[in-house]
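A short worksheet on the structure shown next.
The values are calculated or read from the model by the stated rules, or taken from the named source; none is laboratory data. Note that the structure is a prediction, hence the values are computed from the model and not measured. Cβ sites come from the backbone with ideal geometry, for glycine too, and all protein chains shown count toward neighbours. Areas reflect the complete protein model, heavy atoms only, side chains present, ligands, DNA and RNA absent. Shrake-Rupley method; radii C 1.70, N 1.55, O 1.52, S 1.80 Å.
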Amino acid sequence: MELQFPKSALSYLRRAAWEIKNEEQTQEVRLADSFPDIGKILGAWGQPLVRSKEWLSSSMRISGGIMAWVLYIPEEGGTPRCVETWIPFQMQWDFPQTQYDGVMRVSCLLKGIDARSVSARKIMVRSVVSAAGEALEPTHSELYQPGEIPEDVQLLRKSYPVCLPTEAGESVITMDEELTPNASCGPIRKIIRCSLQPELIDQKVMADKVVFRGSAGVQILCESEDEKLHRCDFELPFSQYAELEREYDPYALAEVIPAVTNLELDVQENGTLRLKAGIVGQYVIYDRPVLEVVTDAYSTQRQVMPLRQELALPAVLDMKREVVKVEAAADQEGIQNIDSAAMLSHPSQRKEEQGFLMEIPGSLQLLGYDSDEKPTGSSSRWEREMEILADEGAMLLARSSLTGKPQATSNGFAFDLAADIQVTVPTGIPMVTALSLGDAAQLDPNRPSLILRRVGDDTLWDIAKSCGSTVDSIREANALTEEPLSDQFLLIPIL
């Protein structure tokens with residue numbers, strides 16, 4: 001006869017796509033009639049914004065753009081002029097067709113931006129966006145658990161702790177702030193550039209809610225009424241929560257990726273700054289259940305044939321954040337620094353014998369005054385390598401971000417670079433789904449009731465199964481509380 005185990009659904013999120021894309025866009029900007037002819041380009045800056053996300057049955061798509069600013073000195077000299085433009089971008093990640101609509105997460109970085117004059121009235125702006133895109137589709141696997149089992153049948157039960165993505169969504173943070181510039185900036189006449197850098201301080205699951213908090217670093221380059229350039233920095237704390245579909249135990253984890261969706265900054269009549277911004281917190285909840293399954297079975301009275309199936313799961317092995325210090329050299333002799341802006345991409349990776357080698361390149365845009373009090377711009381590049389240990393067959397997911405702001409050093413600038421790393425590996429859990437049971441056999445009356453056996457490399461289960469005993473009987477006969485040593489001899493009761 002066949003004894004089928006009852007089954008239940010183990011729900012989780014399957015990763016349909018994970019890929020880092022770099023997209024280059026160029027745009028020709030014609031000066032307004034009121035602007036003077038171009039003399040020298042001092043620098044270019046940008047802020048990526050994610051405007052929309054769309055799930056298609058076999059792909060996901062995002063749309064957004066770069067708020068770009070180009071600062072130049074007019075051909076006849078004088079006060080620098082700033083040109084603003086919007087550089088749209090659209091990215092698509094393809095994957096095999098899914099049965100259900102899923103959840104998308106994306107992290108966009110400005111990998112680089114530069115500008116050059118193509119004529120006295122035209123500027124060519126080039127930007128490169130680095131985007132880490134992730135598509136998660138709801139799915140489930142069948143988990144088999146034994147029902148009513150005959151008393152003579154012995155089951156080997158094993159517990160497997162796993163970490164699985166089970167729920168995802170997003171929560172929107174809206175900011176509307178009035179900012180007061182430092183007194184050293186003086187009355188502000190014009191905003192040259194503005195950037196918003198959200199950074200999470202804490203993220204956790206609390207029963208049926210995901211809670212996260214952090215701060216948004218606002219960097220502003222402005223021109224005062226005395227025609228001088230100044231840098232203003234602000235830290236704006238934020239906190240947010242989202243309702244979850246169910247309650248989780250205290251061991252569940254949350255991973256939140258922020259993305260900037262909107263940024264507006266205006267100078268008010270009273271001299272303050274009005275900031276309007278939008279940040280979306282894209283979260284994934286990782287549950288950490290302990291799965292108990294039957295992996296083997298036998299009987300001392302009849303033939304038992306287990307029917308097996310492998311439970312395949314995308315288990316997460318490790319989630320961590322690595323923070324390293326990066327230094328960028330800069331020729332600062334005779335230069336009074338005004339503004340510095342770091343740009344970087346998401347890591348590229350190469351498989352190594354012991355894991356992965358990640359490479360994270362970037363650049364630093366500098367603006368300052370020379371010894372003649374004239375504005376000057378420069379840039380320098382840097383590259384950082386990180387080694388991540390991982391087993392064969394593991395998959396590495398890594399995103400980059402900046403923490404804090406660049407700090408001046410004796411030969412340039414230093415800043416902290418964070419890499420959020422997740423190591424996953426396909427996990428196969430052997431699982432008995434049914435038992436084929438033979439008829440009860442007539443026991444041999446001449447069999448021994450007790451034998452002596454050396455343990456060797458076998459487990460108690462192996463010994464009990466091969467000798468026609470049970471694990472509990474062997475433990476009781478030998479007063480065992482744990483697995484015996486390999487050179488130990490055991491009394492084996494034969495049932």
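Using the eigenvalues of the Cα gyration tensor, what equivalent ellipsoid semi-axes result for the stretch 275-335 when each is taken as the square root of five times the eigenvalue, whole Å, largest first?
Details: eigenvalues 668, 76, 15 Å².
Values for the stretch 275-335, descending: 58, 20, 9 Å.
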Inset, instruction - Quick one: compute a quarter of the convex hull surface over the Cα atoms of the stretch 40-155 and quote it in nm². - result: 12.0 nm²
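When the accessible area of the chain is split by element with a 1.4 Å probe, what percent falls to carbon and sulfur?
Values: 10930 of 24270 Å².
Percent of accessible area from carbon and sulfur atoms in the chain: 45.
Under 20 °C and 1.002 mPa s, how fast does the stretch 302-356 diffuse according to Stokes-Einstein, given a Kirkwood radius computed over C-alpha pairs? Answer in µm²/s, whole number. Could you put the intermediate results ahead of the total?
Working: Rh = 18.7 Å.
Approximately 115 µm²/s, per Stokes-Einstein.
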Inset, instruction - Take each of the peptides 432-440, 277-285, average the number of other beta-carbon atoms within 10 Å over its residues, and list them starting from the highest. - result: 277-285, 432-440
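Could you list the GluC sites (Glu not before Pro) in the stretch 112-205 that lie in coil according to DSSP, counting only those with at most 12 other Cβ atoms within 10 Å of their Cβ? Can you show the working numbers first?
Values: sites: E134, E142, E148, E151, E167, E170, E177, E178, E199; in loops: E148, E151.
When the GluC sites (Glu not before Pro) of the stretch 112-205 are filtered for loop state and at most 12 Cβ neighbours within 10 Å, E148, E151 remain.
Roughly what % of Cα-Cα distances in the stretch 183-328 sit above 28 Å, to the whole percent?
Details: 5287 of 10585 pairs.
So the pairs more than 28 Å apart make up 50 percent of the total in the stretch 183-328.
Please work out the FRET efficiency for the pair R116 and E178, using the Cβ-Cβ distance as r and a Förster radius of 51 Å; give the result to the nearest 0.05.
0.85
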Inset, instruction - Could you work out the local net charge near D458, counting Lys and Arg as +1, Asp and Glu as -1, over the other residues with Cβ closer than 12 Å to its Cβ? - result: 0
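Let a ≥ b ≥ c be the square roots of the eigenvalues of the Cα gyration tensor of the chain; is it rounded (a/c under 1.5), or, if not, prolate (a/b larger than b/c) or oblate? All intermediate terms of the calculation are to be shown ahead of the outcome.
Details: a/c = 3.35, a/b = 2.87, b/c = 1.17.
Prolate, since a/c reaches 1.5 and a/b exceeds b/c.
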Legend entry - Linear extension gain, T26 paired with R453, 0.36 nm per residue minus alpha-carbon span: 145.9 nm
Legend entry - Calculated from backbone phi, Karplus (6.51, -1.76, 1.60) coupling profile of the stretch 362-369 in Hz, x at Gly/Pro: x, 8, 10, 9, 10, 9, x, 10
Legend entry - CD proxy at 222 nm, helix term only [per DSSP H run n ≥ 4: -39500 (n - 2.57); per residue of the chain; nearest 500]: -1000 deg cm²/dmol
Legend entry - Segments 23-33, 477-487, 60-70, 200-210 sorted - mean Cβ within 10 Å per residue, highest first: 60-70, 200-210, 23-33, 477-487
Inset, instruction - Give me the aspartates and glutamates in straight-line cross-link reach of K374: C-alpha distance below 15 Å, same-chain residues under 8 apart excluded. - result: E75, E76, E223, D226, E227, E333, D339
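Does the stretch 199-278 come out rounded, prolate or oblate by the C-alpha gyration tensor, with a ≥ b ≥ c the root eigenvalues, rounded set by a/c under 1.5 and, if not, prolate when a/b is larger than b/c and oblate if not? Present the calculation step by step, with values, prior to reporting the outcome.
Numbers: a/c = 4.29, a/b = 3.20, b/c = 1.34.
Prolate.
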Inset, instruction - Report the full-extension gain for the segment E385 to D94: residue separation times 0.36 nm, less the Cα-Cα distance, to one decimal in nm. - result: 101.9 nm
Inset, instruction - Using the structure shown, select from K111/K325; K53/K320; K21/K122; K40/K405 the pairs with a Cα to Cα distance greater than 24 angstrom. - result: K53/K320; K21/K122; K40/K405
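Could you please report the charge total around V290, scoring K, R as +1 and D, E as -1 over all other residues with beta-carbon less than 15 angstrom from its beta-carbon? Kindly include the intermediate steps, with their values, before the conclusion.
On the way: positive: R157, K158, R288; negative: D249, D287, E292.
Once positives and negatives cancel, what remains is 0.
Please find the FRET efficiency linking V290 to A9, where r is the Cβ-Cβ separation and R0 is fixed at 22 Å, and quote it to the nearest 0.05.
Details: r = 17 Å, r/R0 = 0.79.
Plugging the Cβ-Cβ distance into 1/(1 + (r/R0)^6) gives 0.80.
With a 1.4 Å probe and every protein chain left in place, work out the accessible area per residue of the stretch 97-220 in Å², rounded to a whole number. Each step should come with its number before you reach the end.
Working: 5500 Å² over 124 residues.
Per-residue value: 44 Å².
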